[in-house]
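Novice: Below are the structure tokens for one structure; questions will follow.
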Amino acid sequence: MPHAVRQISTTSPTVYAFEIDGKVSAAEMKAMGETMNEAFDRHQEVNMLLIFRRFEGSEMGASMNWDAMTSQVRSVAKVGRYVTVGAPDSAKAMIEAMGKIIPVEAKTFDMHELDLAWSYVGARPA
């Protein structure tokens with residue numbers, strides 16, 4: 001089974017980037033939650049970049065595991081900039097609205113603006 005989520009190494013220790021290409025499994029959501037919880041333990045603040053190449057949704061209940069849920073809650077206090085590239089329209093609207101409510105700088109970019117998104121989070125692919 002191909003993996004839909006791939007972590008991208010970055011030039012900054014406080015920037016975490018992921019590429020989504022396909023349907024996200026429960027195991028991948030759990031692994032991403034574990035990665036981010038470890039990052040939140042190590043750093044005062046991090047920036048996140050999610051690049052949606054081809055998003056086909058996620059398995060039912062994929063986000064209903066402890067690691068994914070705790071990382072989502074902790075992200076409110078630990079993520080400075082939350083950036084998506086190529087997100088589906090429904091996700092874009094939600095991200096932009098949440099950026100006005102919670103203390104996270106949330107921004108969406110179209111795929112042709114990928115370079116701008118990398119600049120916004122302060123890193124490049126390593």
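The values are calculated or read from the model by the stated rules, or taken from the named source; none is laboratory data. Just so it is clear, the model here is predicted, and its values are computed rather than measured. A quick note on method: Cβ atoms are made from the backbone with ideal geometry, for glycine too, and the neighbour counts reach across all protein chains shown.
Novice: Assuming Glu113 fulfils every condition listed in (1) surrounded by 14 or more Cβ atoms within 10 Å (Cβ to Cβ); (2) assigned to a helix (DSSP H, G or I); (3) at pLDDT below 95; (4) of a type in the set (D, E, K, R) apart from one, which condition is it?
Specialist: (3)
Novice: While we're on this one: Restricting attention to region 12-27, report how many residues are at pLDDT 90 or above and either over 14 Å from Val46 (Cβ atoms) or among the aromatic types (Phe, Trp, Tyr) (or both). Spell out how you get there, then give the answer.
Specialist: So the first thing to find is which residues in region 12-27 are at pLDDT 90 or above, and the list is 12-21.
Within this subset, residues satisfying the condition of being either over 14 Å from Val46 (Cβ atoms) or among the aromatic types (Phe, Trp, Tyr) (or both) are 16, 18-21.
So the answer is 5.
Novice: For region 1-28, what are the residues that are buried (at least 16 other Cβ atoms within 10 Å of the Cβ) and in a loop (DSSP other than H, G, I, E, B)?
Specialist: Ala4, Thr14, Ser25
Novice: What is the number of the single condition among (1) surrounded by fewer than 18 Cβ atoms within 10 Å (Cβ to Cβ); (2) outside any helix (DSSP H, G or I) that Thr35 does not meet?
Specialist: (2)
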